[in-house]
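Q: Sharing a structure below in structure tokens format, with a few things to ask.
The values are calculated or read from the model by the stated rules, or taken from the named source; none is laboratory data. Everything numeric in this text was worked out from a predicted model, so none of it was measured. Reconstructed Cβ throughout: ideal geometry from the backbone, glycine too, with neighbour counts over all protein chains shown.
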Amino acid sequence: MVYNTLQFIHSYWAYLVVVVVVLATINALHGHFTKKEYSYKDFRLSLFALIVTHIQLLIGLILYFVSPLGFQSIKNNGMAVVMKDSLLRLYAVEHITVMILAIVFITVGYSKHKKKLTSQPKFKTLAIFYTIALVLLLSRIPWAQWF
């Protein structure tokens, strides 16, 4: 029951995460290349991306420990078996590792951009870190489950 509920929430919250991170990344790139002034809207969008990804991380970490495809898979099968099976490896190792890295990039980018005093360095920092995070995020979504 708990597993199914968490999996449902994690799966559907992921759509929101992807949309918001895409929007925040495009906004940062647009702001950087058009040299626009950084506004409160830009701040809120980057902050919202930070918040939704951290919520997804919390849900995902709980799910990782209750899911048969996460930590239980490593515990029951052993790491050697998990690493030889591409599906088990995706869920038990790659997905969680790469998503944590993506969230670290978003967090670092958000923190660094706040310390910048002018618009261009703010947008540049967000553009670099959020783009890397978006690429990482998109690389390890289990697409077969989504469609």
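Q: Please go through (1) under 16 Å from L6 (Cα atoms); (2) surrounded by 14 or more Cβ atoms within 10 Å (Cβ to Cβ); (3) modelled with pLDDT of 95 or more for F71 and return the number of the only condition it doesn't satisfy.
A: If we test F71 against (1) under 16 Å from L6 (Cα atoms); (2) surrounded by 14 or more Cβ atoms within 10 Å (Cβ to Cβ); (3) modelled with pLDDT of 95 or more, just (3) comes out false.
Q: Return yes when S46 is at pLDDT below 95 and in a helix (DSSP H, G or I) and no when it is not. First the steps, then the outcome.
A: On the way: at pLDDT below 95: no; in a helix (DSSP H, G or I): yes.
Here the answer is no, as S46 does not meet what is asked.
Results for (1) within 30 Å of N77 (Cα to Cα); (2) crowded, with 20+ Cβ neighbours inside 10 Å; (3) touching a strand residue (DSSP E or B) at 6+ places or on another chain (Cβ under 9 Å), shown as yes or no for each residue.
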{"residue": "L90", "(1), (2), (3)": "yes, no, no"}
{"residue": "S119", "(1), (2), (3)": "no, no, no"}
{"residue": "F123", "(1), (2), (3)": "no, yes, no"}
{"residue": "Y130", "(1), (2), (3)": "no, yes, no"}
{"residue": "Q145", "(1), (2), (3)": "yes, no, no"}
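Q: Mind telling me which of the residues V98, V135 ends up being within 29 Å of F71 (Cβ to Cβ), out of contact with any Leu (no Cβ under 7 Å at 6 or more places or on another chain), of a type in the set (A, V, I, L, M) and assigned to a helix (DSSP H, G or I)?
A: Working: V98 fails: out of contact with any Leu (no Cβ under 7 Å at 6 or more places or on another chain).
Residue meeting the stated conditions: V135.
Q: Further question on the same structure: Of everything in the stretch 1-27 that's assigned to a helix (DSSP H, G or I) and more than 30 Å from L126 (Cβ to Cβ), which residue is modelled with the lowest pLDDT? Walk me through it before giving the result.
A: Taking the stretch 1-27 first, the residues assigned to a helix (DSSP H, G or I) are 2-27.
So of that shortlist, the ones also more than 30 Å from L126 (Cβ to Cβ) come out as 2-8.
Working: V2: 84, Y3: 87, N4: 90, T5: 93, L6: 92, Q7: 91, F8: 92.
Restricting to residues being assigned to a helix (DSSP H, G or I) and more than 30 Å from L126 (Cβ to Cβ), the top hit is V2.
Every residue, every condition in (1) surrounded by fewer than 17 Cβ atoms within 10 Å (Cβ to Cβ); (2) farther than 21 Å from I132 by Cα; (3) aliphatic (A, V, I, L, M), yes or no:
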position	(1), (2), (3)
N4	yes, yes, no
Q7	yes, yes, no
F33	yes, no, no
K36	yes, yes, no
L63	no, yes, yes
S67	no, yes, no
N76	yes, yes, no
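Q: Moving to a separate point now. Hey, among F71, F65, F43, which residue is closer than 16 Å to V98 by Cα and more than 13 Å from the chain's Cα centre (by Cα)? I'd like the intermediate steps shown before the answer.
A: Details: F65 fails: closer than 16 Å to V98 by Cα; F43 fails: closer than 16 Å to V98 by Cα.
Unique residue meeting the criteria: F71.
Q: Anything in the stretch 38-61 that is surrounded by 15 or more Cβ atoms within 10 Å (Cβ to Cβ), of a type in the set (G, A, S) and under 12 Å from K122 (Cβ atoms)? List them, or say none.
A: S46
Q: Scanning for something modelled with pLDDT of 95 or more, closer than 21 Å to H32 by Cβ and under 15 Å from the mean Cα position of the chain (by Cα), does the stretch 95-103 turn up at least one residue?
A: yes
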